[in-house]
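Quick notes on the structure that follows.
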Amino acid sequence: MSRPPRTIAIHKFGGTSLGDSSRIRNAARLLASARKKRPVVAVASAMGGVTDVLLEAARDAERGRLGLARKAVESLRARHAAAAGELGVRFDEAPLRELDAALQGVSLLRERTARVTDLVSSFGERLSAPLLAAALAKAGVPARAVDARDMLVTDDRHGAATCDRKRSDPRVRRRLRPLLSSGVLPVVTGFIARSLKGETTTLGRSGSDTTAALLGAALLAREVVIWTDVDGVLSADPRLVKGARLLPRLSYREAAEMTYFGAKVLHFPAVLPAIAAEIPLVIRNSFRPEIKGTTIAKKGDGGSGIRAVTAVPGMCLLSLDGRGMTGIPGIAARVFSATARLGVSVVMFSQASSEQNIALVIPEGDRARTVAALEQEFRWERLTGSIDAVNARAPIAVVAAVGEGMRGTPGIAAKVFAAVARAKVNVESIAQGSSECNISFAVAEEDRVAAVRALHKVVG
Ligand code: ADP
Ligand code: ASP
Ligand code: MG
């Protein structure tokens, strides 16, 4: 059966790519040029730094400092109004009144629920998308701002909601197709969505990438282009490693491993809808559009060895030790069922073959409740002395070496740990994914940068 032709392209602009009026004008130019080739849907993030300001305002309001929160809102009003003025377009202040009311509510109750936090943080995208649409119209491109909450339905895990594709995809098509067929370029708010109950939700920090991938999957797009402030996906975070190199092609699997283990350039959940619909994700630099960037697709570059190094800070290493653990069945399963009950994500897990030690790495913020749950789960074993106490060490970072070509290439692990040892970094715990597409290990947070730099020296 032949597949219908894929004509639409999704273009997402991150915060720095919409930082001020000249960046917005640049984004409008890139969109106008892309649209000459095929129908385009744009996705807008908040202007750079705006989401942080909103979250801080919500925290101020919670502490009863409404004056401070309102000052922040005023600074946002001034920033957006200035950009609109410079672009020669109208700025609609109505959303700011709703924001003020939400902050007043938080301040009055001195309570900031996850739900109201999502509402407050939604305003960045609700202000930026209309500005980009107006800039396009001004440049002669018919455009319309579209609120993603009219299309994307999620669960109610506020702060990190997951999209319900079955419900959302038809809505996306119903809302965007008529605009596209009448030659209008939709500019969709990134990051935000709505729960079944109708409350505003967000897809997690950096979630606009995921909005773009979700729209791409619903519309069976030809490509999803993510415009950012670096040339593409690099072999390491350029803020940590000066010689980080551009990776022109990555497989979905490599991109998933890299973003899961901390490569901030792409939101990890964005990879999933792209894989399912086989849509290439293209990461490009809006400051240097002449560079082709990184294409993430089914097949990477091939090649052997390590392609990239990543790191996730802010972790905690938990370990269960005890001579008596050998022979107690199902310890790992019990550990996992305890973390699953709490909804804590286990970033890394390893079990010594002697079965005398289990180590897991979780976010530092989940430390107290996870330790309590494990102590409860293994109270009998602790009482009888077969398991010693549950130990916790923090802050920890997980460092990962990623590359599809690592599979079947002998000596990679030796290379990785020799490099880390040369930098005199102590490795606390090791895990290798069964895909053999990554080797990850925990180090003390203070050793994170040294470990990443040392490991980058052996990237192939
Ligand atoms: P945007 O606002 O466009 O979404 P982000 O700040 O979310 O941009 O992501 C881009 C940033 O990701 C880069 O400026 C870079 O510092 C960081 N980064 C971390 N790891 C990598 C990597 N491996 N390759 C490229 N950029 C990375
Ligand atoms: N504005 C949101 C954030 O700062 C989402 C995004 O930029 O992708 O996290
Ligand atoms: Mg981002």
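May I ask you to verify whether ARG59 is of a type in the set (D, E, K, R) and surrounded by fewer than 17 Cβ atoms within 10 Å (Cβ to Cβ)? If you could, list the steps in order and put the result at the bottom.
Numbers: of a type in the set (D, E, K, R): yes; surrounded by fewer than 17 Cβ atoms within 10 Å (Cβ to Cβ): yes.
When the stated conditions are applied, ARG59 passes them.
In region 205-214, how many residues are buried (at least 24 other Cβ atoms within 10 Å of the Cβ) and within 12 Å of ligand 3 (Cβ to nearest atom)?
Qualifying residue count, region 205-214: 6.
Within region 188-217, work out how many residues are away from ligand 1 (no atom under 16 Å from the Cβ) and farther than 12 Å from PRO273 by Cβ.
Residues in region 188-217 being away from ligand 1 (no atom under 16 Å from the Cβ) and farther than 12 Å from PRO273 by Cβ: 9 in total.
Can you list residue pairs whose Cβ atoms sit under 7 Å apart, with the first residue in region 139-160 being in contact (Cβ under 8 Å) with a residue 24 or more places away in the chain and closer than 22 Å to SER21 by Cβ and the second being among the aliphatic types (A, V, I, L, M) and assigned to a loop (DSSP other than H, G, I, E, B)? Count only pairs 6 or more apart in sequence or on different chains.
Note: pairs meeting the criteria are PRO142/VAL184; ALA143/VAL184; ARG144/VAL184.
Please go through (1) more than 16 Å from ligand 3 (Cβ to nearest atom); (2) assigned to a loop (DSSP other than H, G, I, E, B); (3) of a type outside the set (Asp, Glu); (4) without any contact (Cβ under 8 Å) to a residue 12 or more places away in the chain for PRO178 and return the number of the only condition it doesn't satisfy.
(2)
Specify the residue that is farthest from ALA34 (Cα to Cα); the eligible residues are those in region 191-214 that are in a loop (DSSP other than H, G, I, E, B) and small (Gly, Ala, Ser).
GLY198
Output the qualifying pairs, or none if there are none: Cβ atoms under 8 angstrom, residues six or more apart or on different chains, first residue in region 218-242 and closer than 18 Å to GLY207 by Cβ, second residue within 9 Å of ligand 1 (Cβ to nearest atom) and among the basic types (Lys, Arg).
VAL224/LYS12; VAL225/LYS12; ILE226/LYS12; TRP227/LYS12
Can you list the strands (runs of 3 or more DSSP E) found entirely within region 215-307 that contain at least 1 residues being away from ligand 3 (no atom under 14 Å from the Cβ) and surrounded by 24 or more Cβ atoms within 10 Å (Cβ to Cβ)? Full working, then the answer.
Details: elements: 223-228, 249-251, 281-285, 294-297.
Passing ranges, in order: 249-251, 294-297.
If I ask for residues that are in a loop (DSSP other than H, G, I, E, B) and out of contact with any strand residue (DSSP E or B) (no Cβ under 7 Å at 6 or more places or on another chain), which ones from region 379-394 would you list? Steps first, answer last, please.
The first filter runs over region 379-394 and keeps only residues in a loop (DSSP other than H, G, I, E, B), leaving 384-389.
Result: THR384, GLY385, SER386, ALA389.
If you go through region 371-378 one residue at a time, do you hit one that is touching an Asp or Glu at 6+ places or on another chain (Cβ under 9 Å), on the phi < 0 side of the Ramachandran plot and touching a residue at least 24 places away in the same chain (Cβ under 8 Å)? Give the steps one after another, and end with the answer.
Within region 371-378, the first condition is being touching an Asp or Glu at 6+ places or on another chain (Cβ under 9 Å), and the residues that meet it are none.
No, region 371-378 has no match at all.
Coordinate-derived values only; no laboratory data. From a predicted model like this one, the values you see are computed outputs, not experimental measurements. Here Cβ is always computed from backbone atoms with ideal geometry, including for glycine, and neighbour counts include all displayed protein chains.
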